[in-house]
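Novice: Encoded as structure tokens, here's the structure I'll be asking about.
The values are calculated or read from the model by the stated rules, or taken from the named source; none is laboratory data. Owing to the predicted nature of the structure, the values given are computational and were not obtained by experimental measurement. Cβ sites come from the backbone with ideal geometry, for glycine too, and all protein chains shown count toward neighbours. Ligands, DNA and RNA are stripped out before the accessible areas are found, and what is left, the full protein with its side chains, is counted by its heavy atoms. Shrake-Rupley method; radii C 1.70, N 1.55, O 1.52, S 1.80 Å.
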Amino acid sequence: MKRIVVIGGGSGGVMFSNRMRREFSPDDVEITVIEKSEKHFYQPAFTLVVFDLDEPKNLMRPVKDLFFDGIKLVTDEATKIDPANNKVYTVKSGELTYDYLVIASGAKLLFEEPEGLKEGLEASKNVFTFYKLEGAIKLRDKLKDMDGGTIVSTVCEMPIKCPAAPMKFIMMAEDLMKRKGLREKFKFIFTTPMPAVFSREPYASKLISIFASRNIETVANFAPSEVDYEKRVLKDYGGKEVKFDLLSITPPHGGEAVVENSEGVGDAAGWVTCDKHLMVSKKFSNIYGIGDATDFPTSKTASGIRKQAKVLVARLGAEITGMETHAKYDGEIICPMLTRDKRVMFAQFNYEEAISPAIESYANWVLKVHTLRPLYWNLMLNGLI
Ligand SMILES: Cc1cc2nc3c(=O)[nH]c(=O)nc-3n(C[C@H](O)[C@H](O)[C@H](O)COP(=O)(O)OP(=O)(O)OC[C@H]3O[C@@H](n4cnc5c(N)ncnc54)[C@H](O)[C@@H]3O)c2cc1C
């Protein structure tokens, strides 16, 4: 009997655990998941909520309902890993001993910086973040009220979950105002700390041409230092300023405290340092990482995690049974970019190359807006696709 402990019951924790349970009976492999929250959110549809394309009630399910029978759920917070003794410490449930540990603790949103971000979000007047469901709802309502002004979508720093999401927002906001007949009354600005709007071709060139043709301004190399919601100005470390009437902000992300508290497990930002193909910790041979928690050099997406879960089950399964496997994660992710009403472009790539063409299509829209959520709840989380 091998004991696997999983930290985190988000997309990665559930996809891995259910897939592993289907492969191994509880008599052979004991799976225990430590999850601090009682709620699991389908985050990829937060952007849909902003534009009334999905309802908040569809995006949350109780964590306890997501796991197959035979998986033990501990509703608690993991505080520290002791790799030398194969133990995880928790707030209320004492210590858990593992033969293999899977870290699926996701990414934490950091609101301490830029200065004034927290105050701006709390005031809920003109600064919002759709990276949380309640923020997406507030942003939706604010957009409904607006009849003119400057809308800014800003990324504070990389990496972030779904790097295309802030671009989806600005393109969809522009399209919304056009459809309402208010386009001339608005200005749209996208700011990024990166040198360009997107890093991967052919999607980068396509996005540049979409932004240019629709008069969406890009401010590149812009690393925000301060949000002043009263004066409605966003400042960066280089002294540049961008004025806004509505600011949609993507806050900085970092790894969870449990990674930071555990020596040798993560890097300075709290991301679990793993082999990008084998998913195993660079330092500890019985610790694996999956999902946003890792330092894999690809986009942090649920689509990538679906691929990672298959690889991790194959690798861990081979390790447990003493068999050989060639399963490797190749970095593949699919990011559906809503570019305007009824049009979505898929950016699908792996570590090496682009996989999908840079085409906006209605078929992609149907998949993203109407199909992916039910697929997520019913098939992806159950490890069936
Ligand atoms: C606005 C937005 C849009 C997105 N759009 C897309 C998209 O279009 N396509 C796509 O594929 N992906 C998209 N994503 C990304 C996708 O949702 C994430 O990559 C994915 O859900 C991350 O899964 P995860 O398991 O790594 O982390 P999470 O799902 O965040 O789960 C981590 C879990 O770990 C728990 N946890 C953390 N620390 C501890 C601890 N110490 N002890 C116990 N439990 C702990 C947390 O409570 C959480 O439940 C989007 C995300 C956002 C926010």
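Novice: Please work out, to two decimal places, the log10 of the ratio I(q)/I(0) at q = 0.09, 0.18 Å⁻¹ from a Debye calculation in which every Cα of segment 117-251 carries one identical scatterer.
Specialist: -0.23, -1.00
Novice: Now, a different point. Taking only the Cα atoms of the chain, how large is their convex hull per residue, in Å³? Present the calculation step by step, with values, prior to reporting the outcome.
Specialist: On the way: hull volume 50.9 nm³, N = 385.
Output value, Cα hull per residue: 132 Å³.
Novice: Only loop residues by DSSP count here, and only those with at most 14 other Cβ atoms within 10 Å; note down the trypsin sites (Lys or Arg not before Pro) in segment 283-357 that meet that.
Specialist: On the way: sites: LYS283, LYS300, ARG306, LYS307, LYS310, ARG315, LYS328, ARG340, LYS342, ARG343; in loops: LYS283, LYS328, LYS342.
Taking segment 283-357 and a limit of 14 other Cβ atoms within 10 Å, the loop trypsin sites (Lys or Arg not before Pro) found are LYS283, LYS328, LYS342.
Novice: Could I ask something else about it? Are there any helices in the chain, counted as whole DSSP H runs, that stretch 30 Å or more along their axis by Cα and score at least 1.0 on average by Kyte-Doolittle, and if so which?
Specialist: Values: long enough: none.
What comes out of the filter, once short or polar helices are dropped, is none.
Novice: Give me the accessible area per residue for segment 117-251, probe 1.4 Å, as a whole number in Å². Can you show the working numbers first?
Specialist: Values: 5680 Å² over 135 residues.
Spelled out: the 1.4 Å probe surface of segment 117-251, per residue, equals 42 Å².
Novice: Okay, next question. Which distance in nm do the two modelled labels at GLU95 and SER37 give, with both placed 7 Å along the Cα-to-Cβ direction?
Specialist: 2.9
Novice: Something else about it: Assuming a viscosity of 0.890 mPa s and a temperature of 25 °C, what translational diffusion coefficient in µm² per second does Stokes-Einstein assign to segment 319-385, Rh being the Kirkwood radius over Cα pairs? Please list the in-between numbers first.
Specialist: On the way: Rh = 14.0 Å.
For these conditions, the coefficient is 175 µm²/s.
Novice: So for the pair LEU109, ALA363, with labels modelled 7 Å out along Cα→Cβ, what separation do we get in nm?
Specialist: So the two model labels end up 3.5 nm from each other.
Novice: In whole Hz, with x marking every Gly and Pro, tabulate ³J(HN,Hα) for segment 218-223 from phi via Karplus 6.51 cos²θ - 1.76 cosθ + 1.60, θ = phi - 60°.
Specialist: Working through the residues one at a time gives 10, 10, 8, 6, 10, 9 Hz.
Novice: For a label point 7 Å from the Cα of ALA257 along Cα→C-beta, name the residues of segment 69-91 whose backbone N is under 20 Å from it.
Specialist: 74-83, 87-91
Novice: Considering only the other residues whose Cβ falls under 10 Å of the Cβ of THR250, what net charge follows from Lys and Arg at +1 and Asp and Glu at -1? Provide the component values of the computation, followed by the final result.
Specialist: Working: positive: LYS161; negative: GLU157.
That works out to 0.
Novice: Distance from a point 7 Å along Cα→Cβ of GLU134 to each backbone N in segment 79-119: keep the residues under 20 Å and list them by number.
Specialist: Hits in segment 79-119 for GLU134 at 20 Å: 107-114, 116-119.
Novice: Same structure again: How much accessible surface area, in Å² rounded to 10, belongs to the heavy atoms of LEU234 with a 1.4 Å probe?
Specialist: Using a 1.4 Å probe on the heavy atoms, I get roughly 0 Å².
Novice: Still on this model: Nearest 0.05, what FRET efficiency do ASP141 and ALA269 give at R0 = 30 Å with Cβ-Cβ as r? Mind dumping the intermediate values first?
Specialist: Working: r = 33 Å, r/R0 = 1.11.
After rounding to 0.05, the efficiency reads 0.35.
Novice: Further question on the same structure: Tally Lys and Arg at +1 and Asp and Glu at -1 over the other residues with C-beta under 14 Å from the C-beta of VAL91: what net charge comes out? List each step's numbers first, then the result.
Specialist: Numbers: positive: LYS36, LYS80, LYS92; negative: GLU35, ASP76, GLU77, GLU95, GLU256.
After counting each charged neighbour, the total is -2.
Novice: Okay, moving on. Expected output is a single nm value to one decimal: the length gained when fully extending between GLU226 and THR371, i.e. 0.36 nm times separation in residues minus the C-alpha distance. What is it? Mind showing how you got there, number by number?
Specialist: Numbers: separation 145, 0.36 × 145 = 52.20 nm, distance 3.89 nm.
Extra length available between GLU226 and THR371 comes to 48.3 nm.
Novice: Let me ask something else about it. Springs between alpha-carbon pairs under 10 angstrom, Gaussian network model over the chain: which of ALA354, ALA268, ALA309 fluctuates most?
Specialist: Checking each option, the largest mean-square fluctuation is seen for ALA268.
Novice: Positive end of the charge dipole of the chain (Lys, Arg +1 and Asp, Glu -1 on Cβ, about the Cα centre): tell me which of PHE128, PHE169, SER248 has its Cα farthest that way.
Specialist: Sorting the options by dipole projection puts first PHE169.
Novice: Rounded to the nearest 0.05, what FRET efficiency do LYS328 and VAL219 give with R0 = 51 Å and r taken as the Cβ-Cβ distance? Could you check? Present the calculation step by step, with values, prior to reporting the outcome.
Specialist: Numbers: r = 38 Å, r/R0 = 0.75.
FRET efficiency, LYS328 to VAL219: 0.85.
Novice: Here is a further query. Nothing charged except the Cβ atoms of Lys and Arg (+1) and of Asp and Glu (-1): what's the magnitude of the dipole of the chain about its Cα centre? Round to the nearest 20 debye. Mind showing how you got there, number by number?
Specialist: Working: 52 positive and 52 negative charges, 241 e Å.
Dipole of the chain, to the nearest 20 debye: 1160 debye.
Novice: When only DSSP loop residues count, what GluC sites (Glu not before Pro) in segment 320-372 have their Cβ near at most 16 other Cβ atoms within 10 Å? Please list the in-between numbers first.
Specialist: Numbers: sites: GLU324, GLU332, GLU352, GLU353, GLU360; in loops: GLU324, GLU332, GLU352, GLU353.
Qualifying residues, ordered by number: GLU324, GLU352, GLU353.
Novice: What net charge is computed for the residues neighbouring VAL219, neighbours being all others with C-beta under 14 Å from the C-beta of VAL219, Lys and Arg scored +1, Asp and Glu -1?
Specialist: On the way: positive: LYS187, LYS235, LYS240, LYS243; negative: GLU217, ASP236, GLU241.
So the environment of VAL219 carries a net charge of +1.
Novice: Check which residues have an amide H placed less than 5 Å from VAL6's amide H, if you skip close sequence neighbours.
Specialist: THR32, VAL33, ILE34, VAL102
Novice: Treating the Cα atoms of segment 1-124 as identical point scatterers in vacuum, please give the log10 of the normalised Debye intensity I(q)/I(0) at q = 0.10, 0.22 Å⁻¹, two decimals.
Specialist: Listed by q, the Debye log ratios stand at -0.40, -1.24.
Novice: Given a 1.4 angstrom probe, I'd like the percentage of the accessible area of the chain that is carbon and sulfur, rounded to a whole number. Before the final figure, lay out the partial values.
Specialist: Details: 7830 of 16250 Å².
Whole-percent figure for carbon plus sulfur exposure: 48.
Novice: At 25 °C and 0.890 mPa s, what whole-number value in µm²/s does Stokes-Einstein give for the translational diffusion of segment 61-174, with Rh from the Kirkwood sum over Cα pairs? If you can, show how the numbers build up before the last one.
Specialist: Numbers: Rh = 17.9 Å.
The Stokes-Einstein estimate is 137 µm²/s.
Novice: Using Cα pairs under 8 angstrom and six or more residues apart, how large is the relative contact order of the chain, in percent? If you can, show how the numbers build up before the last one.
Specialist: Working: 824 pairs, mean separation 72.8, N = 385.
Relative contact order for the chain comes out at 19 percent.
Novice: Given the Cα-Cα distance of LYS283 and GLU122 and 0.36 nm per residue of separation, how much length would full extension add, in nm?
Specialist: Details: separation 161, 0.36 × 161 = 57.96 nm, distance 4.05 nm.
Gain in length upon complete extension: 53.9 nm.
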